[in-house]
Structures are given as C-alpha cells and as structure tokens.
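The structure appears below as structure tokens.
Bear in mind these aren't lab numbers, they're just calculated from the coordinates by the rules spelled out. Bear in mind the structure is a predicted one, so any value in this text is a computation, not a measurement. Using ideal geometry, Cβ is built from the backbone for each residue, glycine included, and neighbour counts are taken over all protein chains shown.
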Amino acid sequence: MSKPKIAFIGGGNMATSLIGGILDKGHPSSHITVSGPTEEKLFRLNQKFGISTTKDNSIAATGAEVILLSVKPKMVKSVSLELSASLKHRPLVISVAAGIPLSSLQKWLGKDAPIVRCMPNTPALVQAGATGLFANTVVSREQCGLATEIFNAVGVCCWLEKEEDIDAVTAVSGSAPAYFFLFMEAMEKTGIELGLSQKVARKLILQTALGAAKMAMENDIEPAELRRRVTSPAGTTEAAINTFLEGDILGLFNKAMTSCVKRAKELAKEA
C-alpha cells in the first residue's frame, strides 16, 4: 500500500519530531515536503532527512494527501487563508495550533475541508509523546487512520468524543511534562540539601521517574494500588506520603489542572 504525501506547513520542533518519527516507521522521504519562511531551517531539514523543502506553502500543499499545520497560533488564520485555494483535492488538514477551534479552521480553509485538531506534547521530540485528537464530521475513516499513524509514530494518541475535551487533554498531558519537571526540580533541590551531589540526585530521580512510569504502563493496576504496594505501614514512604496528603496535594493538583483548562478556554476566545 502506497504511503500518502504529507506536507508540513512550518518546520519547527514539533514538525521535526513528527518527520523523524514517521521516517523511522518507514515513510519514504520522497513523500514529505516542508514549507517555511526560513531558508536556513529548511536547509537543515533537507540535509537531516533528505526531504523536499520550499518557501511556498501552496506548492507544498498541492498534491499532498495530508497537510499538517504546525505554525504558531497567531499565524494560523493567514496561513489557512493562503492555503484554501490549494485544497480543492480535499486533503486531510491536521492542526497542532493550541486554542484554534474547528469552527475557525473551517471558516478559513473551507466548510468541506476534512480537519483534525490535536494536542500533542513535547515528549514527542523523543518519540514518547501523548496526543489527543478530534476530527470534524468530514474526516473519513481512512483519514482518521492516517492521523493515528502519524502521531503513533512519536508516542501514543487517543481520539476524543468532543472537541471541548481538548482543553482537558491540555491539562492532563499537553502541559503535564512541565508538572513532572517541576517535581524533579523540587526533589533534586531537596536531595542536594540532604547531602547528595547534584549529579547523583539527578541521576537517581530521573531513573526513578522512568521506572515508576514503566511499572505503571506494564501493569494493569491502578496508580493508587501501586502506591499502596510500595508504602509500608509506619515506614519511610508512608511518612513522606502523609506529608504530601496533609499539604492537600490532591486538591492542589485539581486546582492547578483546572486553572490550565480555564486558561485554554480563554486562549480559544482570544484566538
């Protein structure tokens, strides 16, 4: 089965990670084109991946079966209006722009345009991403499969029941890498205060984070149960966990993630 031609409009970090992922999965470089305004960046992409590049978005889009909009949110309207005349063949358009609703994308690209909105996260850069996807009613089953294939190449993806769920995905995974980096930062600081060198503290914390995630992913066990299994009564872990709970860590998580959703909705209105 032949692989689709994919056009990336914008060649930033997310586009680069997706290109690397799908090439690793066997997608031919001859079927990928990237457009963007910066010649130096386009040259680097060409040299790294052996793909076609152009400064003309319309040229990139012509003949492509999938068009991935990976420009900054403030540029989506102008880029979409520019592309609309090149979409007569009705390719799948995938937008990674935060806060731009389908209603706006359809207004700019055409009401009959098959469009998928998605919310990836930065671990896609190391092919360990998590992405939420939502399609408009024009997207076909085959096109949903293409979107799934692209984002599974850099991690895992989940299809959402309604567009509003993208705001929740922003809180649960889109913004969440920063939460874990904050926890690592706090643990490293305390580890140093307890007498460890920065090198030792960081190495142990990073491996522990990786190990905990691996245990959770490889067992069909609720996180709460996994926590109980490593928390001996009256032991050291229980002392730490009780301190977290006394500080209302569960309530703080709820407040933080709710704030994330609220801000996502505000950004959508501003857009």
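Data overview
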quantity: Angle in degrees between helix 39-49 and the longest Cα principal axis of the chain, rounded to the nearest 10; calculated: 70 degrees
quantity: Local net charge near residue 109, Cβ-Cβ under 15 Å (Lys/Arg +1, Asp/Glu -1); calculated: +4
quantity: Mean separation of Cα contacts under 8 Å, 6 or more apart, over the residue count of the chain: relative contact order %; calculated: 15 percent
quantity: Computed lengthening from residue 198 to residue 40, 0.36 nm per intervening residue step minus Cα-Cα distance; calculated: 53.2 nm
quantity: Most mobile of 19, 51, 221 in a GNM of the chain (Cα contacts under 10 Å); calculated: 221
quantity: Which of 117, 263, 141 has the fewest Cβ neighbours within 10 Å, and the rest in rising order; calculated: 141, 263, 117
quantity: Which of 113, 124, 168, positive extreme of dipole for the stretch 6-169 (C-beta unit charges); calculated: 113
quantity: R0 of 30 Å, Cβ-Cβ distance residue 77-residue 49: FRET efficiency to nearest 0.05; calculated: 0.55
quantity: Spin-label pair residue 29/residue 224, simplified geometry with 7 Å Cα→Cβ offset, distance in nm; calculated: 5.1 nm
quantity: Label point at residue 2 placed 7 Å out along Cα→Cβ; residues across the stretch 48-79 whose backbone nitrogen lies under 16 Å; calculated: 62-66
quantity: Translational D in µm²/s for the chain (Stokes-Einstein at 10 °C, 1.306 mPa s, Kirkwood Rh from C-alpha pairs); calculated: 77 µm²/s
quantity: Residues whose placed amide H lies under 5 Å from that of residue 32, excluding near-sequence neighbours; calculated: 6, 52
quantity: Helix 141-152 vs. the chain, principal-axis angle (Cα, 0 to 90°, nearest 10); calculated: 50 degrees
quantity: Cross-link table 107/162; 199/255; 25/55; 3/111; 55/162, entries beyond 23 Å C-alpha to C-alpha; calculated: 199/255; 25/55; 3/111; 55/162
